[in-house]
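The values are calculated or read from the model by the stated rules, or taken from the named source; none is laboratory data. As the structure is a prediction and not an experimental result, all values here were calculated from the model. So basically every Cβ, Gly included, is an ideal-geometry build from the backbone, and we count neighbours across all protein chains shown.
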Amino acid sequence: MDSNNEKPADGAQPSRRRFVSTVATGLAASAAAVATSPAMAQNGDAAPGQPPAGRAKDAAARYPRPPFAVQSQPWPALASKMNPRPDHGETTYRGSGRLAGRKALVTGGDSGIGRAAVIAFAREGADVAINYLPAEEADAREVVKLIQDAGRKAVAIPGDIRDEAFCRKLVAEAVRQLGGLDILVNNAARQQSHDFILELTTEQFDWTFKTNVYAMFWITKAAIPHLKQGSCIINTASVQAYSPSENLLDYASTKSAQVAFTKSLAKQLGKKGIRVNAIAPGPIWTPLQVCGGQTPENLKKFGEESPMGRPGQPAELALAFVTLAADESSYTTGQVYGVAGGAGNP
Ligand code: NAD
Ligand code: MG
């Protein structure tokens, strides 16, 4: 499922929460200070962008649990305005050179699961281009700074992927600025809750499919001519592909489509040595959930039905992306990697 909510659910008081301040020196728009934002309690006290000596065992134990306080933001929502703020691994992910010299494009790389993948990729040695919507510039600047702090090249390319011409431009620009491409992550998505099919308009249905299915198709088509043997594509699907919620009819349908797309394309690209896999997260604490992705009731108990009794944090997906992208996974293609706290895959 994909849902969420607000309140320091681990009982943390605001005074316990630390503040992360980053200054963007980013490539998009003019360089400017990024808003200082309340950060969720995380493991270690390293400076932003610098992994701490210890790792996430303790952080995971302190991850927030429901009930969450209800919160709402205008779509597409900012991670920096969520409460508690998601953990994307900013202070915890430690790289080990697994993706040294690789060049990655991640859609929806500004926040949530995409940001966690981007932080991990950069700390594993990859240069990274991110796509996001112009309204998400503040989140994107934080990510640009995190990539640069990891000593890698950051490329920020805002724009709406519902437009095929933009999708082609996005890939061309990423290839130009990175000097090539060998990891594509189709991660951006639209999710809006609708209780009943008769309330679901053609416009909304189309919006969801354009973002989640057509854009993946367009971006992948544009990318393939640039992908050499050893490259890979990772699509962010969802447990919704297998266990659709009643209020996410259109979204869940797109996630099933992504799984079929992944498995079919893996067969097409196998002999070229290009791997195609998907990741199927369970309920993860991200902006998608607080701007219409969930009903307020579901947001309050977000993650409660997971066997772990809590939602996952984006940081808990990072290693799955790295694993699928790494050369060591050279015989892994057409697979769906579930990260759902104990529920999910068929
Ligand atoms: P998120 O809001 O952080 O990321 C979604 C991103 O999609 C946004 O940041 C935005 O940049 C991008 N986006 C949406 N519409 C766009 C458009 N028209 N043009 C360009 N970019 C657009 O939320 P998230 O939960 O991290 O979502 C990332 C992926 O994870 C999605 O594919 C989502 O379906 C999947 N997922 C999320 C959950 C969950 O519970 N959060 C569970 C399973 C799967
Ligand atoms: Mg975002």
For the stretch 145-168, name all the residues that are part of a helix (DSSP H, G or I) and not hydrophobic (A, V, I, L, M, F, W, C).
-> 145, 148, 149, 164, 168
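Out of all the residues in the stretch 157-173, which are within 17 Å of the chain's Cα centre (by Cα) and surrounded by fewer than 23 Cβ atoms within 10 Å (Cβ to Cβ)?
157, 158, 159, 160, listed by residue number.
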For residue 98, state whether it is outside any strand (DSSP E or B) and surrounded by fewer than 23 Cβ atoms within 10 Å (Cβ to Cβ).
-> yes
Being surrounded by fewer than 24 Cβ atoms within 10 Å (Cβ to Cβ) and within 14 Å of ligand 1 (Cβ to nearest atom) is the filter; apply it to the stretch 101-146 and report the residue that is nearest to residue 181 (Cα to Cα).
-> 133
Could you tell me whether any residue of the stretch 170-179 is within 14 Å of ligand 1 (Cβ to nearest atom), outside any helix (DSSP H, G or I) and either over 10 Å from residue 105 (Cβ atoms) or in contact with a strand residue (DSSP E or B) (Cβ under 9 Å, 6 or more places away or on another chain) (or both)?
-> no
Among (1) within 16 Å of ligand 2 (Cβ to nearest atom); (2) among the hydrophobic types (A, V, I, L, M, F, W, C); (3) free of Cβ contacts under 8 Å to residues at least 12 places away in the same chain, the one test that residue 166 misses = (1)
Looking at 150, 140, 188, 156, which one is small (Gly, Ala, Ser) and under 18 Å from residue 214 (Cα atoms)?
-> 188
From 204, 192, residue being polar (S, T, N, Q), surrounded by 14 or more Cβ atoms within 10 Å (Cβ to Cβ) and over 19 Å from the mean Cα position of the chain (by Cα) | 204
When residues of the stretch 109-137 are filtered for being away from ligand 2 (no atom under 12 Å from the Cβ) and within 16 Å of residue 232 (Cβ to Cβ), how many remain?
-> 9
Determine which single condition residue 182 fails, assuming it passes every other condition in (1) surrounded by fewer than 18 Cβ atoms within 10 Å (Cβ to Cβ); (2) farther than 29 Å from residue 81 by Cβ; (3) touching a residue at least 24 places away in the same chain (Cβ under 8 Å).
-> (1)
Scanning the stretch 122-158 for residues that are touching a Leu at 6+ places or on another chain (Cβ under 8 Å), within 19 Å of residue 103 (Cβ to Cβ) and among the small types (Gly, Ala, Ser) gives 122, 125, 126, 129, 154, 156
Of the conditions (1) crowded, with 24+ Cβ neighbours inside 10 Å; (2) within 14 Å of ligand 1 (Cβ to nearest atom), the single one that residue 154 does not satisfy is (2)
Residues that are within 13 Å of ligand 1 (Cβ to nearest atom) and over 13 Å from the mean Cα position of the chain (by Cα), drawn from the stretch 79-95 = 80, 81, 82, 85
Go through 279, 284 for me and flag whichever is within 24 Å of residue 242 (Cβ to Cβ) and within 16 Å of ligand 2 (Cβ to nearest atom).
-> 284
All-but-one check, residue 69 against (1) modelled with pLDDT of 90 or more; (2) over 18 Å from the mean Cα position of the chain (by Cα), failing number (1)
Of (1) away from ligand 2 (no atom under 16 Å from the Cβ); (2) modelled with pLDDT of 95 or more, residue 145 satisfies all except one. Which?
-> (1)
